[in-house]
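Chemist: I have a structure here, written as structure tokens, and I will follow up with some questions on it.
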Amino acid sequence: RNPWGGPLGNLLIDGDFEFSIVIDGEQPQTGWYNATMNGSLGYLRGETGGMCRSGLRCGVLEAERVLFGQGTSALDSAMVASFWIKPPPERACGAVVTAYALPCSASSNVVWQVLAVADQPDSAGWCHYQGAVPERTTATCMYIESNLIGAETALIDAATLLPDDGSTATRALHTL
């Protein structure tokens, strides 16, 4: 595991959630905002070490929460948006969150879905979400809405927005 996060070239700020996890009642330094469905900012809980997919920390997603991650855009390139979720037992990957890559500015209502790559978690219990984002000239952010219920939680880690170099098969582009 890389204690500095990664990968190099990630266009999302704090893709491994290391700097977005803060003491209860405090606001994060950079990267991800954790909000209730009515828009109130809240504390993003964290997990450490062996529980996480990458790095030393990862986020804990709770029911009725929205994560908003800030990013930028690749120069002259389409992009691939991606993240990993470790859902509660017996939950299908596609039922855990609804996710989009979207312009960071409020002046555009175009969004691109980021979908679960498989219906069920991999052998380690993780679900990979991925989606294609067309070439853009303005900043791109990520919106992840929890579909968890009650006291359910899921780990979230390794969020990336990378230039599409053609080496990754991405889910079909879904513009809403």
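We did not get these values from a lab; they are worked out from the coordinates using the rules stated. Predicted model only: the values in this text are computed from it and were never measured. Here Cβ is always computed from backbone atoms with ideal geometry, including for glycine, and neighbour counts include all displayed protein chains.
Chemist: Going by average Cβ neighbours within 10 Å, how do the peptides 129-135, 8-14, 88-94 rank, with the highest at the top?
Modeler: Highest mean packing first, the order is 129-135, 8-14, 88-94.
Chemist: From Cα pairs below 8 angstrom and at least 6 apart in sequence, can you work out the relative contact order of the chain, rounded to a whole percent?
Modeler: Once normalised by length, the contact order is 29 percent.
Chemist: Run the numbers for D165 and E152: contour at 0.36 nm per residue of separation, minus the present Cα-Cα distance, in nm.
Modeler: Values: separation 13, 0.36 × 13 = 4.68 nm, distance 3.65 nm.
Contour length minus the Cα-Cα distance gives 1.0 nm.
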